[in-house]
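What follows is a short report on a single structure.
The values are calculated or read from the model by the stated rules, or taken from the named source; none is laboratory data. Since this is a predicted model, take the numbers as computed values, not measurements. Neighbour counts run over all protein chains shown; Cβ positions are idealised from the backbone, glycine included.
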Amino acid sequence: MQPTNITDPGFFHKVVDCQYACPAHTPVPEYIRLIAAGRYSDAYMLNWQSNVFPGILGRVCDRPCEPACRRGRVEEQPVAICRLKRVAADYKDDITARLPNVPTAKNGKHIALIGAGPASLTVARDLAPLGYDITIIDDGNAGGGMMRTQIPKFRLPDSVLDEECGYIEHLGITRRYGERVNSLKSLLDENYDAIFVGTGAPRGRDLDLPGRTEAAENIHLGIDWLSSISFGHVTSIGKRVIVLGGGNTAMDCCRSARRLGGESVQVVVRSGFEEMKASPWEKKDAMHEDIPILNFLVPKEFTHEDGKLTGLIFEKVKAEYDAKGRRNLVPAGEPDIHIPCDDVLVAVGQENTFPWIERDIGIEFDKWGMPIVDETTYRSTHEKIFFGGDSAFGPKNIIWAVAHGHEAAISIDLLCSDKSLGDRPPPHVTLASQKMGIHEWSYGNEISDDRRYLVPHAEKALVLCNIKAEVELGFDPVLALAEAERCLNCDVQTVFTENLCIECDACNDICPVDCISFVDNGDEDDLRTRLNAPAQNLTQDLYISSDLKTGHVMVKDEDVCLHCGLCAERCPTGAWDMQRFLFNTAKATDKAGSSCCKS
Amino acid sequence: MSFLPKPKLHHPGLGCNSLGFTKRDYEGAVSTLCAGCGHDSISAAIVRACFELDLPPHRIAKLSGIGCSSKTPTYFLGNSHGFNAVHGRMPSVVTGANLANRDLIYLGVSGDGDSASIGLGQFAHAMRRGVNMTYIVENNGVYGLTKGQFSATSDKGAKSKSGATNKDEAIDLVGMALQLGATFVARSFSGDKGQLVPLIKAALSHKGAAFIDCISPCVTFNNHQGSTKSFDYVREHNEAVNFLDVIVEKEEIIVDYAPGATEIVRQHDGSLLRLRKLGESDYDPSDRAAAFTFLEQRKAQGEIVTGLLYVDPTADDMHDLLGTTTTPLNELSEATLCPGGTVLDKLNASLR
C-alpha cells in the first residue's frame with residue numbers, strides 16, 4: 001500500500017466517526033470537551049454554527065452520529081451524543097449577544113424562502129448576516145415547520161422551538177407567516193434574486209383498503225392527526241387505537257394516542273421488529289408506555305358496522321430471503337386475525353407534493369413527481385430556484401435539512417456574487433499538537449470505563465396525563481460530565497512521523513486495542529490479515545507509513561483506536577504525536593468572518 | 001513514563017486461550033520505565049508467551065533482583081506470585097523457592113548489573129545446579145538507574161553516551177551459562193519478538209536451567225553511535241542461527257520441511273521445538289563444544305549470534321539430582337518432614 005496522505009483532510013475526517021456520520025459534520029468531540037469543561041455556552045455556539053438547532057436536535061435528532069460512534073465498537077453502547085448536545089442548550093447562559101450582527105446596509109439581493117422549517121431557517125441564518133434581504137413565507141403562524149406541527153410537545157416543547165427559531169427570525173428577516181404559496185410562478189414575478197423551497201414532505205401516505213371510505217371517520221393520517229393535536233384541533237381519541245406503521249411518526253402517533261385517552265394502543269407493523277424504521281430509542285420509549293408492537297402483520301381490511309370502524313383484519317406473514325439476500329414478506333399460511341379498535345392512525349410513510357409549482361416555469365420533475373435537484377448545489381433546473389430538506393430528496397430528518405440548507409446558502413451566495421456554483425469553498429481544517437509536557441496533553445486522555453448513562457425520565461403517570469409534559473428531563477451537569485468523559489476524543493489524531501521512529505515497539509506493546517503493527521508492506525487485503533489484530537472492519541481505513549529503517553512499515557488500524565495517547569506517551573522519540581484535528585465545513589457566512597458568531 | 005493506567009477497553013476481537021484468559025489478563029501495571037525501553041518489549045513478549053502457552057497465572061512465580069530490569073515483573077503477570085529480592089540474589093531465592101515448591105513455574109528476571117556483577121556468583125550456582133527455571137537477563141550493557149556507567153557486559157571498545165571508551169573485557173553470560181551447565185541457552189533481542197516469544201515459550205517449557213540473554217537497548221543511556229547495544233547496532237550485527245516454533249500439542253506433527261533445514265526437538269514435557277535453520281551456518285544446537293567455538297568465532301567478527309544456541313532436551317533438574325520427592329516439600333506434613341528420633345537413629349546407624 002502507498003503511505004497514507006494525512007495532509008488530505010479526508011483521511012482524519014473519516015476517523016472522527018461521529019462528525020463524519022453527521023450530515024452537518026458538527027465537530028462532536030470538540031463540543032463534548034467543552035461540555036466536560038462546563039463551557040456550555042461555548043459548546044452551544046459551536047453547535048449553533050454547525051447545526052443551527054442544538055436545543056431541538058438535542059431532543060429529537062435522528063442521531064446518525066451515535067451508531068457511528070467508535071465507543072460502540074469497543075463496548076456495548078455509544079456515547080449519548082444527542083443528550084449531551086441538549087445539556088449545552090439547557091445550561092448555557094444568555095447567548096443573544098453572541099449571535100451575528102445583521103448589517104444595516106443590505107447587499108441589495110432579495111431571497112425568498114418557502115416554508116419555515118429547518119432547511120429554510122438554516123438558509124436564513126447563513127445569509128442574513130451577509131446582508132441579504134430574506135423573506136420567509138409559511139402557511140403556519142409560527143416558524144419551525146414540521147418540527148412544530150408534527151413532533152409532539154412531550155418530545156419537543158414549544159419554548160425550545162420558540163427560542164431557537166427566534167434566534168434566526170430576529171436576524172432582520174421578513175416573515176410572511178400565515179400565507180400559503182399557491183403559485184411559484186407568481187412568487188417568481190416578485191423578482192427575487194433566488195428562491196429556496198423548503199416545504200418538506202407534507203402528505204401522509206394513505207392505505208386504500210376495503211372499508212377505508214366507509215369507516216373514514218375513525219381513520220386518520222398520522223402526520224395530519226399530529227398537526228391537528230399541535231394546533232389544538234384534536235384533543236381526544238378512542239380507547240382502543242391501532243397505529244399502522246413502523247417509523248418514528250408511528251411512534252409519535254401511538255404515544256400521543258396514549259395521552260389523549262387511548263387505553264389500549266397497539267402498533268402494528270408489516271415487517272419484523274428489527275427492520276422497523278423507527279429509531280431504537282423511540283421504540284423503547286413507546287413500549288415503556290405500555291404500547292405493544294405487533295410485527296409481521298399486513299393490514300387487509302377495515303371492518304365497520306353502521307358506518308363506524310370496528311377493527312382491522314390482518315394477514316400474518318413471514319420474512320423470506322432470496323438468493324440476493326432481499327427480504328420478501330410471504331403469507332405465513334396462518335388464519336387472518338381481527339383486532340378490534342375504535343380508531344386507526346395510518347403512519348405508513350410520507351410523500352412530497354408540489355401542486356403549487358407550475359410545470360412550465362423551468363423546473364423539471366422526474367417520473368416520481370420529484371424536482372430534479374443537484375446533490376451538491378441543491379439547485380433545481382431553474383437557475384434561481386433551490387430545494388432543500390425533505391422537499392429536495394424526500395423524507396429524511398432535521399439534521400439533513402440543516403445540511404442541505406448550509407449548502408443551498410453557499411450556492412445562493414455564489415449565484416448572487418456571479419460566481420460558478422461549482423466553485424465551492426473548502427472546509428476549514430486545523431491540525432495541532434496537544435502536547436503540554438512529557439506525559440501531559442491538553443485533552444483528558446484517561447479512558448472512562450463507565451457504561452452509557454440513562455437520561456432521567458419524568459414519572460410515567462405524570463406524562464401520560466399531559467400531552468405537553470416533556471418526558472425526557474435531560475442530564476444534569478453531574479451526569480453530563482460522567483457521560484462526556486466516555487467520549488474517546490477521536491478528533492485528537494495519532495500522527496506518525498516516520499523519520500523519528502526507531503522501531504522500539506513501545507507503541508505496539510502499550511496499545512490497549514492492538515491497533516498498531518510494524519510489518520512488511522503488502523496490498524491492503526493481505527495487510528489487513530497480518531496485523532496484531534486482524535483489521536476486519538473494511539469501512540475503517542488503515543494508516544500506513546512509508547518504509548522504516550528495517551524495511552517494515554507502521555500500519556495502524558483506525559477501527560478501534562481509543563485515542564488514549566499511550567502510543568505517544570511511550571514513544572521515546574516523539575514519532576507519535578497527538579494532534580487535534582478540527583474540521584468545519586464551509587458556510588456561506590464564513591466570509592463575513594466574526595459576524596457569524598462572537599465567541 | 002505514563003501516569004495513567006492502561007485502559008481496560010480492549011480489541012473486540014481479542015481471543016481467549018484454553019483457560020479462558022485474554023492476553024490482557026497476563027499484563028501488569030503500566031511501566032514506569034523510560035518510554036521506548038527495550039525491557040518493556042521483553043515484558044510484552046513474556047505476556048504473549050504465557051498467554052500462548054495457556055499458563056495459569058497463579059502457577060507462575062516471577063522473581064527479580066534490583067535494577068531497571070528487576071522492576072519489570074510489576075509490568076507483567078499481575079495475577080502471578082512475585083518476589084523482589086536483594087540485589088543479585090534472585091537466583092538464590094528461586095533456588096530456595098523451587099526446593100520448597102517444585103510445582104510452580106519459575107521465571108527469574110534480572111539485568112546485566114544484577115547478574116553479571118553483584119549477582120554473578122548467584123547466577124553461576126543456579127545454572128550449575130540445574131534449577132528448573134527460566135532465567136532472563138535483560139541486557140542493556142549499562143547502569144541505567146545510576147545514569148549510564150558501563151556495566152560488566154559492556155563490550156570492550158564500546159562508547160558511553162558521554163564519550164568514554166570501555167576498556168574492560170565484557171562478561172559473556174551466554175558463554176558462562178554454557179560453561180556452567182545450563183541446559184537451555186539462547187540469546188535474543190528485545191526488538192525482535194518474532195524470535196523472542198518462541199524462545200521464552202521454549203524456555204518456560206524446558207525442564208532444568210533455561211537461560212536467555214536478551215539484548216535490550218537502553219533508549220536513555222545506551223542507544224547512541226558507538227554503543228554496541230543500540231537498536232541500530234544490534235539490528236546490523238544480528239546473526240540469527242535458527243528460527244523456533246514451539247508446538248505444545250501432544251499429538252505428533254507432520255514435518256513438511258526439507259530435511260536438514262528443520263530439526264524437531266522433543267522436550268521432557270512433550271512440547272516440540274521446531275527449529276528452522278537460518279543463514280548459511282549449519283548450526284547444531286545440541287553440540288555444546290561446537291557452540292563455544294561458533295560463538296567465539298562470530299564474536300571475533302563483531303557479530304551478535306542470536307537464537308536457540310544450546311539445548312539438552314533430556315536434562316535433569318536440581319530435584320532429579322537431589323533425589324527429592326515428587327510431592328512439593330511445602331505440601332508435606334510436619335510428621336513426614338520430621339519423622340522423629342527413631343528414624344533419625346536408624347539413619348545415623350546406617351552411616352556408621
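In this structure, is B:VAL86 outside any strand (DSSP E or B), away from chain A (no Cβ under 14 Å), touching a strand residue (DSSP E or B) at 6+ places or on another chain (Cβ under 6 Å) and not polar (S, T, N, Q)? No; evaluated as a whole, the condition is false for this residue. Residue-level check: of (1) of a type in the set (Lys, Arg); (2) under 30 Å from A:ASN107 (Cα atoms); (3) surrounded by 17 or more Cβ atoms within 10 Å (Cβ to Cβ), A:LYS419 misses just (3).
Can you pull out the strands (runs of 3 or more DSSP E) entirely within the stretch A:316-376 that have at least 3 residues that are under 30 Å from A:VAL234 (Cβ atoms)? Give the steps one after another, and end with the answer.
Details: elements: A:327-331, A:337-340, A:343-346.
The strands (runs of 3 or more DSSP E) meeting that bar are A:337-340, A:343-346.
For a quick check of your reading: which helices (runs of 4 or more DSSP H) sit entirely within the stretch A:176-285 and have at least 2 residues that are farther than 30 Å from A:THR377 by Cα and out of contact with any Lys or Arg (no Cβ under 9 Å at 6 or more places or on another chain)? Here the list reads A:222-231, A:248-259. When the stretch A:572-588 is limited to residues that are within 12 Å of chain B (Cβ to nearest Cβ) and either crowded, with 23+ Cβ neighbours inside 10 Å or of a type in the set (Phe, Trp, Tyr) (or both), the one that is nearest to the chain's Cα centre (by Cα) turns out to be A:TRP576.
If you go through the stretch A:550-562 one residue at a time, how many are part of a loop (DSSP other than H, G, I, E, B) and either buried (at least 22 other Cβ atoms within 10 Å of the Cβ) or at the interface with chain B (Cβ under 7 Å from one of its Cβ atoms) (or both)?
Of the stretch A:550-562, the ones part of a loop (DSSP other than H, G, I, E, B) are A:550-552, A:558-562.
Checking which are either buried (at least 22 other Cβ atoms within 10 Å of the Cβ) or at the interface with chain B (Cβ under 7 Å from one of its Cβ atoms) (or both) leaves us with A:550, A:558-562.
Selection size over the stretch A:550-562: 6.
Taking the conditions (1) more than 10 Å from chain A (Cβ to nearest Cβ); (2) part of a loop (DSSP other than H, G, I, E, B); (3) crowded, with 22+ Cβ neighbours inside 10 Å in turn, B:GLY20 satisfies each one other than (3). For residues in the stretch A:527-544 being more than 34 Å from the chain's Cα centre (by Cα) and more than 11 Å from chain B (Cβ to nearest Cβ), which is farthest from B:PRO12 (Cα to Cα)? Once the filter is applied, the top-ranked residue is A:LEU527.
The condition of being away from chain B (no Cβ under 11 Å) and farther than 27 Å from A:GLU446 by Cβ does not hold for A:ASP476. The residue that is farthest from the chain's Cα centre (by Cα), counting only those in the stretch A:3-37 that are of a type in the set (Gly, Ala, Ser) and farther than 13 Å from A:ASN584 by Cα, is A:ALA37. Scan the stretch A:86-104 for residues that are part of a helix (DSSP H, G or I) and either among the acidic types (Asp, Glu) or under 16 Å from A:TYR167 (Cβ atoms) (or both) and the total you get is 6. Residues that are surrounded by 19 or more Cβ atoms within 10 Å (Cβ to Cβ), among the polar types (S, T, N, Q) and more than 14 Å from every other protein chain (Cβ to nearest Cβ) are absent from the stretch A:459-469 altogether. Residues in the stretch B:1-17 that are over 23 Å from A:GLY72 (Cα atoms) and either more than 9 Å from chain A (Cβ to nearest Cβ) or in a strand (DSSP E or B) (or both): B:ASN17 alone. Does A:THR199 satisfy the condition of being polar (S, T, N, Q) and closer than 28 Å to A:PHE393 by Cα? Criteria met by A:THR199. Among the conditions (1) free of Cβ contacts under 8 Å to residues at least 24 places away in the same chain; (2) farther than 24 Å from A:TRP356 by Cα, the only one that A:ARG155 does not satisfy is (1).
Taking A:ASP547 as the residue in question, decide whether it is away from chain B (no Cβ under 14 Å), at pLDDT 95 or above and not in a helix (DSSP H, G or I). Step through it out loud before you land on a result.
Working: away from chain B (no Cβ under 14 Å): yes; at pLDDT 95 or above: yes; not in a helix (DSSP H, G or I): yes.
In short, yes.
Going by what's in this entry, would A:SER433 be described as surrounded by fewer than 17 Cβ atoms within 10 Å (Cβ to Cβ) and free of Cβ contacts under 8 Å to residues at least 40 places away in the same chain? No; evaluated as a whole, the condition is false for this residue. With respect to (1) over 16 Å from B:ASP213 (Cβ atoms); (2) within 14 Å of chain A (Cβ to nearest Cβ); (3) in contact with a helix residue (DSSP H, G or I) (Cβ under 9 Å, 6 or more places away or on another chain), the lone exception for B:GLY194 is condition (3).
You will find that of A:ILE56, A:ILE136, the residue that is modelled with pLDDT of 95 or more, over 18 Å from A:ASP590 (Cα atoms) and assigned to a strand (DSSP E or B) is A:ILE136 and no other.
Where residues in the stretch B:28-65 are in a helix (DSSP H, G or I) and more than 12 Å from every other protein chain (Cβ to nearest Cβ), which of them is farthest from the chain's Cα centre (by Cα)?
B:HIS58
A single member of A:ASN508, A:ASN489 is polar (S, T, N, Q) and facing another protein chain (nearest Cβ under 9 Å), and it is A:ASN508.
The selection criterion, being assigned to a strand (DSSP E or B), β-branched (Val, Ile, Thr) and buried (at least 24 other Cβ atoms within 10 Å of the Cβ), does not hold for A:ILE32. Residue pairs whose Cβ atoms lie under 7 Å apart, sitting 6 or more positions apart in sequence or on different chains, and linking a residue in the stretch A:221-233 that is touching a residue at least 12 places away in the same chain (Cβ under 8 Å) and surrounded by 15 or more Cβ atoms within 10 Å (Cβ to Cβ) to a partner that is part of a helix (DSSP H, G or I) and among the hydrophobic types (A, V, I, L, M, F, W, C), are A:GLY222/A:ALA250; A:GLY222/A:CYS253; A:TRP225/A:CYS253; A:LEU226/A:CYS253.
Return yes or no: is A:GLY246 within 23 Å of A:ARG327 (Cα to Cα), crowded, with 21+ Cβ neighbours inside 10 Å and in contact with a strand residue (DSSP E or B) (Cβ under 8 Å, 6 or more places away or on another chain)? Yes: the conditions hold for A:GLY246. So which residues in the stretch B:112-158 are in contact (Cβ under 8 Å) with a residue 12 or more places away in the chain and of a type in the set (Val, Ile, Thr), if there are any at all? Of everything in the stretch B:112-158, those that are in contact (Cβ under 8 Å) with a residue 12 or more places away in the chain and of a type in the set (Val, Ile, Thr) turn out to be B:ILE118, B:VAL131, B:THR134, B:ILE136, B:VAL137, B:VAL142, B:THR153.
Do we find that A:SER517 is farther than 30 Å from A:ASP126 by Cα, more than 10 Å from chain B (Cβ to nearest Cβ), surrounded by 19 or more Cβ atoms within 10 Å (Cβ to Cβ) and in contact with a Pro (Cβ under 9 Å, 6 or more places away or on another chain) in this structure? No; evaluated as a whole, the condition is false for this residue.
Restricting the stretch B:274-309 to residues that are among the acidic types (Asp, Glu) and surrounded by 14 or more Cβ atoms within 10 Å (Cβ to Cβ), which is farthest from B:ASN139 (Cα to Cα)?
B:ASP284
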